[in-house]
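Taking it in order: structure first as C-alpha cells, then the write-up.
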C-alpha cells in the first residue's frame with residue numbers, strides 16, 4: 001500500500017507542478033512590469049521555460065563561440081556600434097537578463113533556478129523597442145533549502161542544499177562558472193576588452209535586477225545585493241547609493257563603452273559621470 005502511494009506521488013508531480021515552482025519569480029516579474037513598464041522585463045519571456053519552442057538557440061552556442069558573431073551583429077544593427085562597443089553593449093544586456101531570474105528568485109523565495117549555459121536558450125532581435133536578447137530556461141531545475149516545501153519533491157529537477165552559503169555557491173556555479181565566465185573568454189577572443197570591464201557588467205546587472213525588484217524583495221535591497229555580489233566576488237565593481245525618493249541607485253566602477261556609439265550615451269550609473 002505504501003509503495004503504491006509513493007508511486008502515485010511521483011506520477012502526480014507533473015511538469016506544470018515544477019513550472020509552478022517558479023511562481024514567486026513570475027509574480028515578481030509581473031510586478032516589475034506593472035511598476036516600471038514592459039521594457040523592464042522584456043528580455044525574459046512568459047512563460048520563462050521555453051524548452052522545445054521554435055526559434056531559440058542553446059546558450060552553449062555562445063559559450064562555444066559559434067553564436068558570438070550573431071550576438072555582435074545584432075548589436076551593430078541596433079546601434080551602429082564599432083566591434084568592441086558592440087561586444088560590450090551586447091554583453092551588458094545579456095548579463096542582465098541571464099542574472100535577473102537567478103538573483104530575483106533567490107531574493108524573493110530562496111529558490112535558485114539553474115542558469116548554466118546548457119539550461120538556457122537565447123534569441124536575438126535588432127528591432128527597436130524589443131530586447132536585444134531574450135533568454136529563457138530549457139527546463140525547470142532549482143536548488144532549494146531544506147525547509148522549502150519543494151525539498152520534499154522526488155523530481156530530479158529539484159536539488160536540496162544544506163544552507164544559505166551552499167545556495168549562493170550554487171547560484172555562483174550556474175551563473176558564473178557554467179555560463180558567464182566561459183563567455184567572457186569567448187568575447188575576448190573576438191575583441192580587445194578587459195576582463196574587469198566585462199565583470200563590471202555582470203555586477204551591475206545583478207545590482208540593477210535586485211534594485212528593480214524593489215518592494216518585492218524582502219528586507220533591504222542593498223543588503224541583498226551586497227550578499228550576492230560578495231558571494232560572487234564582484235562587490236568591488238559597483239556601489240549602491242541612496243537615490244531620489246528613497247530609491248537605490250547603482251554606480252558602476254567600469255564603463256560599458258556606450259559613450260563610443262555614433263550617438264553617444266552616458267548611462268545613469270556610469271563611472272564617467
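Just so you know, all these numbers are worked out from the coordinates, no wet-lab data involved. Being a predicted model, the structure only gives us computed values, none of them experimental. Note that each Cβ is placed from the backbone with ideal geometry, even for glycine, and that neighbours are counted across all protein chains shown.
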Original post:
Based on the Cβ-Cβ distance from residue 236 to residue 27, what FRET efficiency comes out when R0 is 35 Å, to the nearest 0.05?
Top reply: 0.60
Subject >> Contour excess over end-to-end distance, with Cα ends at residue 181 and residue 220 and 0.36 nm allotted per residue >> reply: 11.2 nm
Subject >> For 145, 25, order by how many other beta-carbon atoms lie within 10 Å, fewest first >> reply: 145, 25
**OP:** List, largest first, the extents of the alpha carbons of the stretch 60-188 along their principal axes, each in whole Å.
**Re:** 51, 29, 21
**OP:** In nm, give the distance between the simple-model label positions of residue 147 and residue 195, each being 7 Å from the Cα along the Cα-to-Cβ direction.
**Re:** 3.9 nm
Original post:
Once you wrap a convex hull around the alpha carbon atoms of the chain, what is its projected area averaged over all directions, in nm²?
Top reply: 14.9 nm²
Original post:
Applying 1/(1 + (r/R0)^6) with R0 = 35 Å to the Cβ-Cβ distance of residue 127 and residue 188, what FRET efficiency is obtained, to the nearest 0.05?
Top reply: 0.80
Original post:
If the viscosity is 1.306 mPa s and the temperature 10 °C, what translational diffusion coefficient in µm²/s does Stokes-Einstein give for the stretch 40-114 when Rh comes from Kirkwood over Cα pairs?
Top reply: 114 µm²/s
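Among 110, 30, which comes first, then next, by fewest other beta-carbon atoms within 10 Å?
So the residues, fewest neighbours to most, are 30, 110.
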Original post:
Using the alpha-carbon centroid of each, what span in Å lies between the stretch 226-256 and the stretch 104-135?
Top reply: 20 Å
Subject >> With 5 Å bins from 0: P(r) over the stretch 113-193, alpha-carbon pairs, percent >> reply: 3, 14, 16, 19, 17, 13, 8, 6, 3, 0
Original post:
What list do you get for 135, 103 if you sort them by fewest beta carbons within 10 Å?
Top reply: 135, 103
